[in-house]
Amino acid sequence: MSRTKIVAGNWKMNLVSQEAKDLVNQLIELCKPLADNPKVRIILAPASVYLSSVFTQVEDHPHFSVSAQNLHEGDQGAFTGEISGSMIRSTGASFVLVGHSERRTLFGETDSTLAAKTNAAIRNGLSPIFCIGESLEERENEKTFDILQSQLMNGLFHLSLSEMAGVIIAYEPVWAIGTGKTASPEQAQEVHAFIRRLLTEKYGELAQRIPILYGGSVNPGNAETLFACPDIDGGLVGGASLKAQDFHAIIQAMYKG
């Protein structure tokens, strides 16, 4: 069963306004030849202050979509500095990252918090890109599968079939993010296949339609071999998404898969 192919760029806390505009314009120009063959969905996740402007730039290019990097679990209220799902949706964005390793490790977000954020995303018409992954210590102690199973069960598996149908999962080994290290294609495929087995046990045939992205230092040099793996449906790209030529090369690698 075919699944949507996705390349998502997480800009994190980078780029000032003009830099963001320039990057989007460069990507639109580079990706023009792909417009007639929209096999791959390209998702841009800028800082929240740029959501509206990025959406305005890409709204006439249907192979591009916009994602927020985070959201609050509440819909409104006295939460200074936070952004709600309804606010995100009103910018034109249709996706939101939930559970990125930096949110888990730097900001102490727990599985219960992430479950509530997932609910808030779905409640407001956003598709969550739900991130899971293990640390280097957990991998070395052979706890990878236990950690991933726990993160999925506690963060996602309360969802109904219809709710789960809009979810994207991103496997991001924490030890490979921003370090230059990357899981080998064999390691990545083994984990992605494990995730799909868990999804199948919980959600049956729907599991074959849920995209699972790899997110651990994806770059133009390793993208094609990673994307060739049968259970890897694309990438969640960090640093390489800030350079138009590099991100475009990764998108092209997805077309070869």
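Remarks
- When residues in region 18-32 are screened for being within 18 Å of residue 59 (Cα to Cα) and either among the polar types (S, T, N, Q) or touching a residue at least 60 places away in the same chain (Cβ under 8 Å) (or both), 6 of them pass.
- Of the residues making up region 199-208, none is touching a residue at least 12 places away in the same chain (Cβ under 8 Å), surrounded by fewer than 23 Cβ atoms within 10 Å (Cβ to Cβ) and under 16 Å from the mean Cα position of the chain (by Cα).
- Within region 13-54, considering residues that are within 19 Å of residue 92 (Cα to Cα) and within 15 Å of the chain's Cα centre (by Cα), the one surrounded by the most Cβ atoms within 10 Å (Cβ to Cβ): 45
- The residues of region 108-165 that are under 19 Å from the mean Cα position of the chain (by Cα) and aromatic (Phe, Trp, Tyr), listed by number, are 130, 157.
- Here residue 226 clears all of (1) in contact with a Phe, Trp or Tyr (Cβ under 9 Å, 6 or more places away or on another chain); (2) in a helix (DSSP H, G or I); (3) surrounded by fewer than 21 Cβ atoms within 10 Å (Cβ to Cβ) except the condition numbered (3).
- Those residues of region 144-186 which are among the polar types (S, T, N, Q), farther than 20 Å from residue 114 by Cα and free of Cβ contacts under 8 Å to residues at least 12 places away in the same chain, in sequence order: 184
Values in this text are rule-based calculations from the coordinates and carry no lab data. In this text the structure is predicted, and so the values were computed from the model without any measurement. Don't worry about glycine lacking a Cβ; one is built from the backbone with ideal geometry, like all the others, and counts go over all protein chains shown.
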